[in-house]
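Chemist: Pasting a structure below so you can have a look.
The values are calculated or read from the model by the stated rules, or taken from the named source; none is laboratory data. Everything numeric in this text was worked out from a predicted model, so none of it was measured. Backbone-built Cβ (ideal geometry, glycine too); neighbour counts: all protein chains shown.
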Amino acid sequence: MKNINFSLQNVNKVYFGSGLIKSLDRILNRKRNDNFLFVIDSFFRNKKIINNFLNYKKVKIIYLNTSNEPTTFEVDRLVKKIKSYKIKYNKIIGIGGGSTLDTTKAISNLLNNSGSSKKYQGWDLLKRKGVYKIGIPTISGTGAEASRTCVLMDFKTGKKLGMNSEFSIFDEIILDPDLTKTVDKNQYFYTACDTYIHCIESLNGKLRNPVADNFSNAALKLCREVFSTRNLKSKINRSKLMLASYYGGCAISSSMVGIIHPLSAALSIVFKFHHCLANCIAFRAAKEFYPQEYKEFCSFLKKHNIFIPKNICKNLSNFQKDQLYKSTIIHSKPLKNALGHNYKNILTKKKIIKLFERI
Ligand code: NAD
Ligand code: ZN
């Protein structure tokens, strides 16, 4: 192992295990005077598994419709609404998939950092730590529960970029695999693949380090074990994927994604595909950069009979070509990680459009 100097900020406390959602009781009762703000995916409205915890007297709940992934516009709107309640929330608790966890992080950050979320899209732009935040993932794969970012889209600027900062890391997370039982099979697969893709991009990158490599390898091992079995959603597989997602998030916090994510971000901006499905589509475009992994990915698709849309970029208008190019090339850090400083000479506009036309 090469000699490295390294600092890594991580989630302070991790609860992991089936049924551990009940740890919320302890958290809610820890300080009786706290005001709690819950941000919950609307799928869980009136669901017993969550409802038991919501009777606590000082709880305010925001149910999120996650049919669209988080935008700067929506996050700013929510923060304005929360500020209008004139209550000082001491703890924010997010329960849901990556969209809900990212919205929770963004709200927490903006309650203690003034101005629009747009101001903080980028690296280390937040000035102050946000409100104490607790994340409870209900789908495994994005690693948002562990990562130092919260991804927001801005359709006006064509930016799909996170608030990448130590302040975006959750203070506590509860990883309870019972919560992922109800996820639709395709969605479950797409999101699980996000971990697989984060890790293969990190391991094929130029910014590798032993810390990220070990997290990535641990996550990949678990993903491969899960994808090679028949029932992706068995109890043991739900546990393995939840752990893999956490490891993947830790890996990506200390390394960087590669080519698939910038291409995927452009598909989300131009065609509004959700992140994890967009990744699976973009993998086809990035086949030449990750040939072995692409082959393996295709074997998973076949084994689990997963549908990935095709021919999306067959008849692109000039406007769409411009948008796809701009929304890909804006991701300089991952592209440098994958291709080096020379990335703009390798990924010319012509080349990028050609890659998209292959999908
Ligand atoms: P999601 O949060 O967008 O949810 C997808 C769908 O699943 C929604 O319809 C939701 O209602 C439903 N759902 C959630 N939990 C469920 C459950 N237990 N049972 C049934 N349905 C359920 O999905 P995702 O793939 O987890 O998150 C994608 C988002 O994560 C994107 O916005 C992406 O940009 C972000 N992301 C963030 C990071 C990060 O490090 N912060 C990393 C990767 C991706
Ligand atoms: Zn991702």
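Chemist: I need a count of the residues in the stretch 162-184 that are more than 8 Å from ligand 1 (Cβ to nearest atom) and in contact (Cβ under 8 Å) with a residue 60 or more places away in the chain. Don't jump to the end; show me each part of the working.
Modeler: Pass one, the stretch 162-184, residues more than 8 Å from ligand 1 (Cβ to nearest atom): 163-167, 169-178.
Checking which are in contact (Cβ under 8 Å) with a residue 60 or more places away in the chain leaves us with 166, 169-178.
Residues in the stretch 162-184 being more than 8 Å from ligand 1 (Cβ to nearest atom) and in contact (Cβ under 8 Å) with a residue 60 or more places away in the chain: 11 in total.
Chemist: Provide a single number: the residues in the stretch 95-141 that are part of a loop (DSSP other than H, G, I, E, B) and either polar (S, T, N, Q) or within 16 Å of ligand 2 (Cβ to nearest atom) (or both). Walk me through how you get there before you give the answer.
Modeler: Going residue by residue through the stretch 95-141, those that are part of a loop (DSSP other than H, G, I, E, B) are 97, 113-116, 121, 124-131, 138-141.
The next check asks that each one be either polar (S, T, N, Q) or within 16 Å of ligand 2 (Cβ to nearest atom) (or both); those that pass are 97, 113-114, 116, 121, 138-141.
Within the stretch 95-141, residues that are part of a loop (DSSP other than H, G, I, E, B) and either polar (S, T, N, Q) or within 16 Å of ligand 2 (Cβ to nearest atom) (or both) number 9.
Chemist: Further question: Can you name every residue in the stretch 84-112 that is closer than 17 Å to Ser67 by Cα and either among the aliphatic types (A, V, I, L, M) or away from ligand 1 (no atom under 15 Å from the Cβ) (or both)?
Modeler: The initial filter retains those residues of the stretch 84-112 that are closer than 17 Å to Ser67 by Cα, namely 94-104.
Correct list: Ile95, Leu101.
Chemist: Taking the stretch 337-359, which residues are surrounded by 18 or more Cβ atoms within 10 Å (Cβ to Cβ) and of a type in the set (Lys, Arg)?
Modeler: Once the filter is applied, which keeps residues that are surrounded by 18 or more Cβ atoms within 10 Å (Cβ to Cβ) and of a type in the set (Lys, Arg), the stretch 337-359 yields nothing.
Chemist: Return yes or no: is Lys181 modelled with pLDDT under 95, more than 18 Å from Tyr247 (Cα to Cα) and more than 17 Å from the chain's Cα centre (by Cα)? Show your work before the answer.
Modeler: Working: modelled with pLDDT under 95: no; more than 18 Å from Tyr247 (Cα to Cα): yes; more than 17 Å from the chain's Cα centre (by Cα): yes.
No.
Per-residue answers, yes or no, for (1) farther than 23 Å from Lys160 by Cα; (2) at pLDDT below 95:
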position	(1), (2)
Lys302	yes, no
Ile306	yes, no
Asn315	yes, yes
Asn318	no, no
Lys321	no, no
Lys336	no, no
His341	no, no
Leu347	no, no
Ile359	no, yes
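Chemist: Pairs only if they're at least six apart or on different chains, beta carbon under 7 angstrom, first in the stretch 1-12 and in a loop (DSSP other than H, G, I, E, B), second at pLDDT below 70 and surrounded by 10 or more Cβ atoms within 10 Å (Cβ to Cβ); list them, first residue then second.
Modeler: Here the result reads none, with nothing in the stretch 1-12 linked to a residue that is at pLDDT below 70 and surrounded by 10 or more Cβ atoms within 10 Å (Cβ to Cβ).
Chemist: Mind listing just one residue for me: the one in the stretch 159-189 that is within 16 Å of ligand 2 (Cβ to nearest atom) and surrounded by 23 or more Cβ atoms within 10 Å (Cβ to Cβ) and, of those, farthest from Ile308 (Cα to Cα)?
Modeler: Result: Ser168.
Chemist: Give me the pairs, please: first residue somewhere in the stretch 192-214 and more than 16 Å from ligand 2 (Cβ to nearest atom), second residue anywhere and part of a helix (DSSP H, G or I), beta-carbon distance under 6 Å, and either six or more positions apart or on two chains.
Modeler: Lys206/Asn337; Leu207/Asn337
Yes/no matrix, rows are residues, columns are (1) among the acidic types (Asp, Glu); (2) farther than 20 Å from Ala192 by Cα; (3) buried (at least 17 other Cβ atoms within 10 Å of the Cβ); (4) under 21 Å from the mean Cα position of the chain (by Cα):
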position	(1), (2), (3), (4)
Ser264	no, no, yes, yes
Val270	no, yes, yes, yes
Ser317	no, yes, no, no
Gln320	no, yes, no, no
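Chemist: Sticking with this one: Give the residues of the stretch 13-46 that are under 27 Å from Thr66 (Cα atoms), basic (Lys, Arg) and without any contact (Cβ under 8 Å) to a residue 12 or more places away in the chain, sorted by residue number. Step through it out loud before you land on a result.
Modeler: Pass one, the stretch 13-46, residues under 27 Å from Thr66 (Cα atoms): 13-25, 27-28, 35-46.
Next, from what is left, pick out any that are basic (Lys, Arg): 13, 22, 45.
Lys22, the sole residue that qualifies.
Chemist: Looking at the stretch 95-107, I want the residues that are over 14 Å from Ser165 (Cβ atoms) and have a partner that is of a type in the set (Val, Ile, Thr) and within 15 Å of ligand 2 (Cβ to nearest atom) with Cβ atoms under 6 Å, at least 6 apart or on another chain. Which pairs are those?
Modeler: Gly97/Ile139; Gly98/Thr142
Chemist: State all residues of the stretch 307-352 that are farther than 14 Å from Ser268 by Cα, touching a residue at least 12 places away in the same chain (Cβ under 8 Å) and either small (Gly, Ala, Ser) or touching a Cys at 6+ places or on another chain (Cβ under 8 Å) (or both); if no residue qualifies, say none.
Modeler: Of everything in the stretch 307-352, those that are farther than 14 Å from Ser268 by Cα, touching a residue at least 12 places away in the same chain (Cβ under 8 Å) and either small (Gly, Ala, Ser) or touching a Cys at 6+ places or on another chain (Cβ under 8 Å) (or both) turn out to be Ile308, Ala338, Gly340.
Chemist: Name the pairs: first residue in the stretch 246-267 and without any contact (Cβ under 8 Å) to a residue 40 or more places away in the chain and within 13 Å of ligand 2 (Cβ to nearest atom), second residue in a helix (DSSP H, G or I) and of a type outside the set (Phe, Trp, Tyr), Cβ to Cβ under 6 Å, at least 6 apart or on different chains?
Modeler: Within 6 Å, the pairs are Ser264/Ala278; Ser264/Asn279; Ser264/Ala282.
Chemist: Before we move on, is Ser140 modelled with pLDDT of 95 or more, in contact with a Pro (Cβ under 9 Å, 6 or more places away or on another chain), crowded, with 24+ Cβ neighbours inside 10 Å and not hydrophobic (A, V, I, L, M, F, W, C)? Walk me through it before giving the result.
Modeler: Details: modelled with pLDDT of 95 or more: yes; in contact with a Pro (Cβ under 9 Å, 6 or more places away or on another chain): yes; crowded, with 24+ Cβ neighbours inside 10 Å: yes; not hydrophobic (A, V, I, L, M, F, W, C): yes.
Here the answer is yes, as Ser140 does meet what is asked.
Chemist: Pairs please, first residue from the stretch 137-158 and in contact (Cβ under 8 Å) with a residue 12 or more places away in the chain and over 30 Å from Asp178 (Cβ atoms), second anywhere and within 12 Å of ligand 2 (Cβ to nearest atom) and not in a loop (DSSP other than H, G, I, E, B), Cβ atoms under 7 Å, 6+ apart in sequence or on different chains.
Modeler: The qualifying pairs are Met153/Lys160; Met153/Ser268.
Chemist: Which of (1) near ligand 1 (Cβ under 10 Å from one of its atoms); (2) over 21 Å from Ala286 (Cα atoms); (3) touching a residue at least 60 places away in the same chain (Cβ under 8 Å) is the odd one out, the single condition Leu232 does not satisfy?
Modeler: Result: Leu232 fails condition (1) only.
Chemist: Filter the stretch 20-55 down to the residues that are part of a loop (DSSP other than H, G, I, E, B), modelled with pLDDT of 85 or more and more than 15 Å from ligand 1 (Cβ to nearest atom) and list them by number.
Modeler: Just the residues of the stretch 20-55 that are part of a loop (DSSP other than H, G, I, E, B), to begin with: 31-35, 45-47, 52-55.
Narrowing the set further to residues that are modelled with pLDDT of 85 or more leaves 34-35, 45-47.
Scanning the stretch 20-55 gives Asp34, Asn35.
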